[in-house]
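Before any comments, here is the structure.
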Amino acid sequence: MGDNSFGTLFSFTSFGESHGPAIGCVVDGVPPRLNLSEADIQPYLDRRKPGQSRFVTQRQETDQVKILSGTFEGKTTGTPVMLLIENTDQRSKDYGAISESYRPGHADYTYDQKYGHRDYRGGGRSSARETAVRVAAGGIADLVLRQILGDKFSIQGSVVQIGPHEIDRDNFNAEQIDKNPFFSADADAVQKWKTYLDDVRKAGSSAGAVLEIVAQGIPSGLGQPLYGKLDAELAAAMMSINAAKGVEIGGGFALSAIDGAAAGDEMRLDDTGRPVFLSNYNGGVLGGISSGQDIVLRVAIKPTSSILTPRRSLNRAGEEVDVVTKGRHDPCVGIRGVPVAEAMMAVVLLDQVMRHQAQTSILPEQV
C-alpha cells in the first residue's frame, strides 16, 4: 500500500493499524540542533488522546510517544526522527460481528474492492487511530516553526459548529478553547453541545462538526503560484484527515455571494509605512502565496459512521444485511480532529518555509 508519506522537504511516513501492536512515523527533514525530547511532543498528543470525556471514544490509550532515532543528548541530529506509540487498549472482539459485513459510510467496501483483503478490527489502517502520529509529527513541525518565526507565530484550532449548532462569533474567546471538552471558543455553546450530543448518543447515532484553524505570524511569500499553491496543499492536508468532507479557505463558499468590491481585500499603509490589508476574505493566501495575514481555514467533518442504529448494507458474499457497529466510538469525531488539523497545518507550513528557503536562499521575512 503506497502513499503513506506526506510533505516534500519536511515530511513524515506513518505506519501501523488501529489494533496492531503500535503506530508510528518516521519524520524526515528535521533540522539539526533542535532541543527535542518525548516531553516536548507529549503535550500535543495529550490534547488528541481518547477517553477524556463522554463525548469522545472511551478507548483508553495514553498515547505515550517514544523517540527511537534522530536525537542525541537531547538535540536532533538532522537524521530521520522515528516516533512510536504503542496500542494498549484494543478490543478486537468488538468487531467480530462485522468481519464479513460492510459498515455504511466506512472504508470497508472500498478497501475490499481495492485490495481484496482488509483488517476489520477498527478499520485497520483507515482508522482515525492513525491520526495520533500526525499530531506527533506536527508537534515537531510546530516546535521548529516557533524557532524560525518567533513569538508571533501560532496555530490555533477550535470547533465552530456541532451538528446544526454554530458558535456565536460575538462570544469568541480563544482563552476558552482549552477549558472545555469541545475546543470551543464560545463558552455559551458548550452546554448546548453537551445536551445535543447526549441526545445523539442516546439515539444511537452521531454528529458532524466544523473546525476552524487559524495560523498567525505567517510571513508573506510562502507557496507557489501554480502546482504548489499554499492553499491547495493546506486543503489536501485537511482532506487527508479521516471523515473530512470539505475545506474552505477564508470566506470560502460564502465569497460567491459577496460583491467583488468587498471581497478583494483592499490595502493601505500603516503608521510605519508597512502594507496592511483592510479585510481577509481570502484567508491569508493570494494566488497560492501567503500574504502575511492570518491563514484561516475551516474543515467539515462528517458524522461518525460507526453507530448503534441498524443500517442497511451488504456483506462480502453479496447478501443484504443490517449492520450495527458495537465498540467504542466518538459520537462526534470532529472534536478530536482539532489537534489533528493543527498538526497538518504545521507540517504544511514548515514544509513551505523550507521550500521557500531552498528556492530563494533566504528565510521568509518575519511578520
Which value does Rg/Rh take for the chain over its C-alpha atoms, Rh per Kirkwood? 0.98
Amide H contacts of L286 (H built 1.01 Å from N, under 5 Å, at least 5 apart or other chain): S291
If I model a spin label at T309 and T110 as a point 7 Å from the Cα along the Cα→Cβ vector, what separation in nanometres do I get? 2.1
Counting only residues 5 or more apart in sequence or on a different chain, those whose built amide H sits under 5 Å from that of G246 are A300
Between 0 and 90 degrees, rounded to the nearest ten: what's the tilt of helix 230-239 against the longest Cα principal axis of the chain? 10
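With all pairs of different alpha carbon atoms counted, what Kirkwood hydrodynamic radius in Å does the range 230-367 show?
Values: mean 1/r = 0.0546 Å⁻¹.
18.3 Å is the Kirkwood radius here.
Estimate the FRET efficiency between L68 and Y227 by the formula 1/(1 + (r/R0)^6), using the beta-carbon distance for r and 35 Å for R0, to the nearest 0.05.
Numbers: r = 34 Å, r/R0 = 0.98.
With a Förster radius of 35 Å, E is 0.50.
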With θ set to phi - 60° and the Karplus curve 6.51 cos²θ - 1.76 cosθ + 1.60, what are the ³J(HN,Hα) couplings of the range 291-304 in order, to the nearest whole Hz, using x for Gly and Pro? 9, x, 7, 4, 8, 10, 9, 10, 10, 8, 10, 6, x, 4
For the range 177-192, what does the Karplus curve 6.51 cos²θ - 1.76 cosθ + 1.60, with θ = phi - 60°, yield as ³J(HN,Hα) per residue in whole Hz, taken in order and with x for Gly and Pro? 4, 8, 9, 8, x, 10, 6, 9, 8, 10, 4, 6, 6, 4, 5, 4
Solvent-accessible surface ranking, highest first, for E130, E266 at 1.4 angstrom: E266, E130
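So with the 1.4 Å probe, I'd like the accessible area per residue for the range 266-367, rounded to whole Å².
I get 49 Å² per residue for the range 266-367.
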Helix 131-149 against the longest principal axis of the chain: what's the angle in degrees, Cα atoms only, rounded to the nearest 10? 10
Share of the range 65-223's accessible area from carbon and sulfur, percent, 1.4 Å? 46
Where V30, V324 fall by accessible area, highest first, once all protein chains stay in place (1.4 Å): V324, V30
Helix 38-48 versus the longest principal axis of the chain: what is the Cα-based angle in degrees, 0 to 90, to the nearest 10? 60
Quick one: which residues, 5+ away or cross-chain, put their amide H under 5 Å from the amide H of K75? H built at 1.01 Å from N. L36
Qualifying lysines (Cα of each under 22 Å from Cα of K179; at least 8 residues distant if same chain): K49, K192, K194
Note down the nm distance, to one decimal, between modelled labels 7 Å out along Cα→Cβ at N4 and at S279. 4.7
Lysines whose Cα lies under 17 Å from that of K245, excluding same-chain neighbours fewer than 8 positions away: K302
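The values are calculated or read from the model by the stated rules, or taken from the named source; none is laboratory data. For clarity, every value in this text was computed on a predicted model and none was experimentally measured. Glycine also receives a Cβ, built like all others from the backbone with ideal geometry; neighbour counts cover every protein chain displayed. In case anyone asks, the SASA skips ligands and DNA or RNA and just uses the protein heavy atoms, side chains included. Shrake-Rupley method; radii C 1.70, N 1.55, O 1.52, S 1.80 Å.
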